[in-house]
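Take a look at the structure set out below.
The values are calculated or read from the model by the stated rules, or taken from the named source; none is laboratory data. This structure is a prediction, so every number in the text was calculated from the model and none was measured. Please note: Cβ atoms are built from the backbone with ideal geometry, for glycine as well, and neighbour counts cover all protein chains shown. We work out accessible area using only protein heavy atoms, side chains counted, and drop any ligands, DNA or RNA first. Shrake-Rupley method; radii C 1.70, N 1.55, O 1.52, S 1.80 Å.
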Amino acid sequence: MVHIVHHENGPWTLRDEDESTHAPGPERLWNESYYFDFALPDGSLAGYVRLGLYPNWDRAWYWACVTGPDRPLVIIADNFAPLPEP
């Protein structure tokens, strides 16, 4: 079992059901996000990929970013990506 400690909310334990998708709440912008962050040990390259699922809005947000010292920032953002199949 994994325990997360948030600086404002204290400890929170991940449960088995947290490892799969959740039933959407009633809010239009309710979302579930998946992140993949990465960085080289020397800091010469870093970035992230985010997939945000918005089932009540019938879309997904796909964002990817790569950057580093003396490198241009590269961002891909698609806020109208189709929802992936379950």
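Scanning region 33-86 for residues that are more than 28 Å from ASP18 (Cα to Cα) and either among the small types (Gly, Ala, Ser) or under 12 Å from the mean Cα position of the chain (by Cα) (or both) gives GLY43, SER44, GLY68. Of the strands (runs of 3 or more DSSP E) lying entirely inside region 9-86, not one is found with 1 or more residues being open to solvent by 90 Å² or more (accessible area, probe 1.4 Å) and touching a residue at least 40 places away in the same chain (Cβ under 8 Å). Using the structure shown, decide if PRO24 is modelled with pLDDT under 95 and touching a Pro at 6+ places or on another chain (Cβ under 9 Å). Considered against the rule, which asks whether it is modelled with pLDDT under 95 and touching a Pro at 6+ places or on another chain (Cβ under 9 Å), PRO24 comes out as yes. Here GLY43 meets each of (1) on the phi > 0 side of the Ramachandran plot; (2) in contact with a strand residue (DSSP E or B) (Cβ under 7 Å, 6 or more places away or on another chain); (3) not β-branched (Val, Ile, Thr) with one exception, condition (2).
When we screen ALA81, ALA60 for residues that are in contact with a Phe, Trp or Tyr (Cβ under 6 Å, 6 or more places away or on another chain), hydrophobic (A, V, I, L, M, F, W, C) and modelled with pLDDT of 95 or more, the only hit is ALA81.
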